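Data first, discussion second: the structure below is written as structure tokens.
The values are calculated or read from the model by the stated rules, or taken from the named source; none is laboratory data. As the structure is a prediction and not an experimental result, all values here were calculated from the model. Cβ: placed from backbone, ideal geometry, glycine included. Neighbour counts: every protein chain shown. For accessibility, only protein heavy atoms count, side chains too; no ligands or nucleic acids. Shrake-Rupley method; radii C 1.70, N 1.55, O 1.52, S 1.80 Å.
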Amino acid sequence: MRISSVVLTGVLVGVLLTAPLMALLYLADQVAGLPFAPYDVFDWLTRNLPGDVITRGIDAMVRVINSLDLGETSSAAKTLETLSAWALFWGGGAAASTVFFVVRSRIGGDLRQWPGVVLGAMMALPVILISQQVNVTAATSDPVSAAWLGITVLGWGLAVDWAYHQVIRLPAKESAAMVSASQEEMVSAAQLNRREFLIRMGGATATLTVVGAGLARYLQYRDDQEYKRLIEKRRAAVIPEGLPNQDAILEPAPGTRPEYTPLEDHYRIDINVRPPEMDGSAWRLNIGGLVDNPLELTIDEIRDNYAPLNQYVTLACISNPIAGDLTSTTRWTGVSLREVLADARLQPDAHFLKITSEDGFYETVALDLVQSEPRIMLTYAWDGIALLPKHGFPLRIYIPDRYGMKQPKWITNIEAIAEDEDGYWVDRGWDKVAQMRATTVIDVVAADSAYTGDDGRMYVPIGGIAHAGARGISKVEVRIDEGDWVEAALREPLSDTTWVVWRYDWPFDAGRHSFEVRCYEGDGTPQIAERHTPHPSGATGLHEATREL
Ligand SMILES: Nc1nc2c(c(=O)[nH]1)N[C@H]1C(S)=C(S)[C@@H](COP(=O)(O)O)O[C@H]1N2
Ligand SMILES: [Mo]
């Protein structure tokens, strides 16, 4: 058989056999919480690639999402990552099978199943090691997870070897037996056998894949629906009191984003294709290091032994571009970190806290900051209900005025240390402090809501938000067609750490117009007007919009 046919057959067999392997892993993951290796492998790669490669990858992804209009950035990004993870594993399987076909055809000889075992083991070993190191998708114990991946990937290796024998070796034997047949007849008979075999194998593996993946997908869908119902029921029971600024006078311009983000619309950014599996009842918060009284707290102990704090918070990702959608507002509930630390009794040489998460994420926060900022909070609820898995169940931290990258979710450990250390994204080239930049956005030029004022003129409400971390907003100004800056009206915000809704009623003038907006922080500091990319310290620049009216 020619080398090109060997390669092609290797690719095809790899594609056909890796698909049902992934379907089987996915099904077992849904049914029994066994590890889903494709996500683990992808997450491992993104954790270990150099920071600038990752940053460029994220940039490119965000640009694709925006230019193709794929909807809300963070959920579109997760969908793309999910597809990439499946594609990567599939491609990896096909590549390994191809190499196997080529090498196997060179070795020759009758080695029985050994080559399959070797292939399976060579693939299983890294997959097991990676999956256990990342340890994000499995709810099962390490030995069970390892055994499961070992058996399935080994089985896959044997199947590839078996297919090799069927396709490459057997037709040769059969045709050798056909003594009376001509050379061409033997070749075409072998090709026919091969084709028939591959078609049959394709049919069988496609069926397995569709049935397995379909069943798993259905199970996940059923879980999701049940979960949604649960969330709705619990939320209705927990936030009865209405929003703190419900008496605010200024009405947002119609079309301004919701001031309080519906929880299901809150952006999500983290280093995992899927949130890590957390067992709420087995989970403990370990507080150790330079403390006299190390603590191991259950989530109930955190909730019951300390006074609850409720804070309305606008969180933003440092990757959020000007006017991007990686920022949202909800109500955070938790306990003051300072109070919990008092019980752990910090030693005098403790100056920093190193926070570590289930997914391997980590950050360090200065104790000076923690001691002077009672709003720093170990958070266990958002929007009145326990944190959703994707938002950090069971525990995350809140640090006012900092971008999301400084605020770990799925916290498992807090260690008091003497020296400062860099966090996950700082190690990958992002700003060490990551203080939120002041930003203003035009959400809407509400031409549909034009009205006639008392002066007989037509007005068009323009509106949006302004945010400067925990530093407040003292003024927002709007400029039309590069004219004079005019002051907008501000709505009383939900809190002094949330965004502020602004509105300017513009004396309408038909035609094409440009609109710009800028804000001033609480102490009068103007928003930075110079344009800069989100990397490495958060985007700066003024939002401009052009509208034909
Ligand atoms: N453990 C963990 N915590 C994390 C991250 C992560 O990848 N892992 N990402 C951070 C980043 S970059 C952001 S912007 C916020 C986003 O929080 P959200 O997804 O709940 O909106 O989580 C932060 N906390
Ligand atoms: Mo982020």
Check: Leaving out ligands, DNA and RNA, what percent of the accessible area of the stretch 398-504 is carbon and sulfur, probe 1.4 Å?
Finding: 40
Item checked: Ellipsoid semi-axes in whole angstrom, largest first, where each is sqrt(5λ) of the Cα gyration tensor of the stretch 400-549 -> 38, 16, 13
Margin query: Skipping prolines and chain starts, which residues have an amide H placed within reach, meaning under 5 Å, of the one on residue 250, given they are 5 or more residues away or on another chain?
Written below: 492
Next item on the list: List the equivalent ellipsoid semi-axes of the stretch 213-281 in whole Å, largest first, each obtained as the square root of 5λ for an eigenvalue λ of the Cα gyration tensor.
Entry: 32, 16, 14
Next item on the list: Please give the per residue accessible area of the stretch 1-103, computed with a probe of 1.4 Å over protein heavy atoms only, in Å².
Entry: 44
Item checked: Cβ-Cβ FRET estimate between residue 95 and residue 448, R0 fixed at 51 Å, reported to 0.05 -> 0.40
Notebook entry, point to check: Percentage of Cα-Cα pair distances in the chain greater than 46 Å, rounded to whole percent?
Noted result: 29
Checklist line | Long pairs among 78/354; 354/432; 233/409; 78/390; 432/475, criterion Cα-Cα beyond 19 Å | finding: 78/354; 233/409; 432/475
Note to self: Nearest 10 degrees is fine. How inclined is helix 73-107 to the longest principal axis of the chain, computing both from alpha carbons?
What the structure shows: 20
Note to self: Pairwise over distinct Cα atoms, reciprocal of the mean inverse distance: report the Kirkwood radius of the stretch 50-170 in Å, one decimal place.
What the structure shows: 17.0
Check: If you project the alpha carbons of the stretch 15-104 onto their three principal axes, what span does each projection cover, largest first, in Å?
Finding: 44, 35, 25
Check: On full extension of the chain, what length is gained from residue 68 through residue 111, given 0.36 nm per residue of separation minus the C-alpha to C-alpha distance?
Finding: 10.3 nm
Item checked: 3J(HN,Hα) from dihedral phi, the stretch 316-327, Karplus parametrisation 6.51/-1.76/1.60, rounded to Hz, x for glycine, proline -> 9, 8, 5, 7, 5, x, 4, 6, x, 9, 8, 8
Note to self: Along each principal axis of its Cα atoms, how long is the stretch 233-368 end to end? Whole angstroms, biggest number first, please.
What the structure shows: 55, 33, 32
